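The values are calculated or read from the model by the stated rules, or taken from the named source; none is laboratory data. Predicted model, so just to flag it, every value in this text is computed and none were measured. We place every Cβ from the backbone using ideal geometry, glycine too, and count neighbours over all the protein chains shown. Ligands, DNA and RNA are excluded from the accessible area calculation, which covers all protein heavy atoms including side chains. Shrake-Rupley method; radii C 1.70, N 1.55, O 1.52, S 1.80 Å.
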Amino acid sequence: MDRPRFHSLRAWAVFEDPVRKALHKLKYRRDLALGDALASHMTHFVRELNWNADVIVPIPLGKQRYKERGYNQVAMIAKPLALALGMEFAPKALSRRKETRSQVGLTKEERRENVHEAFQAGGGVNGKNVIVLDDVSTTGSTLSSSADALFRSGAKNVFALTVARALPHHGLRHA
């Protein structure tokens, strides 16, 4: 098994109600105020991690998903979180090199393959300690792939943070 590239992974909550419902409303029902609410709840938790990070980078959507949705739900959490923590918010520091299919229902190996080399990062992370943020982590494959890209662009450290952590009973098929 390949070791994830990020320094550590932390989730603020377990992917269960009411957090699951809030994330789904933010993602699928355009309840954008939930980004601020979730960030507000996460601020103390992130401070307590003592990661000494400089910048928060949200996991980007692919062009097609962004076009369909009109916004990146993770950026809607990352921006107010960065502001509350006094960190730089860098929504364009990471981009998708390729469209990927939804990770829902995929095995751990399929997830890893799906996001392999899916991201590229710009030079804005060179020498910085980066928090890469996603809404939900299951296997950490997306976060690890994004960390690879950030390290290739000179990031000093990459810390992975999610709003919630999905547990095996939340639909991950074991291969």
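A compact table of results
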{"read-out": "Accessible-area ranking of Leu94, Leu85, largest first, probe 1.4 Å", "value": "Leu85, Leu94"}
{"read-out": "Solvent-accessible surface (1.4 angstrom probe) belonging to Leu83, in square angstrom, nearest 10", "value": "150 Å²"}
{"read-out": "Label selected from [x] 10, 33, 29, 17, 8, 3, 1; [y] 8, 26, 25, 20, 11, 5, 3, 1, 0; [z] 10, 41, 40, 9, 0, the criterion being P(r) over Cα pairs in 10 Å bins from 0, in percent as computed here", "value": "[z]"}
{"read-out": "Residue-count net charge about Leu81 - beta-carbon cut-off 11 Å; Lys, Arg +1, Asp, Glu -1", "value": "+1"}
{"read-out": "Counting DSSP beta bridges with both ends in the chain, the antiparallel % (nearest 5)", "value": "15 percent"}
{"read-out": "By accessible area with a 1.4 Å probe, ligands and nucleic acids excluded, highest first: order of Trp12, Trp51", "value": "Trp12, Trp51"}
{"read-out": "Solvent-accessible surface (1.4 angstrom probe) belonging to Arg47, in square angstrom, nearest 10", "value": "130 Å²"}
{"read-out": "Heavy atoms of Glu113: accessible area, 1.4 Å probe, square angstrom to 10", "value": "100 Å²"}
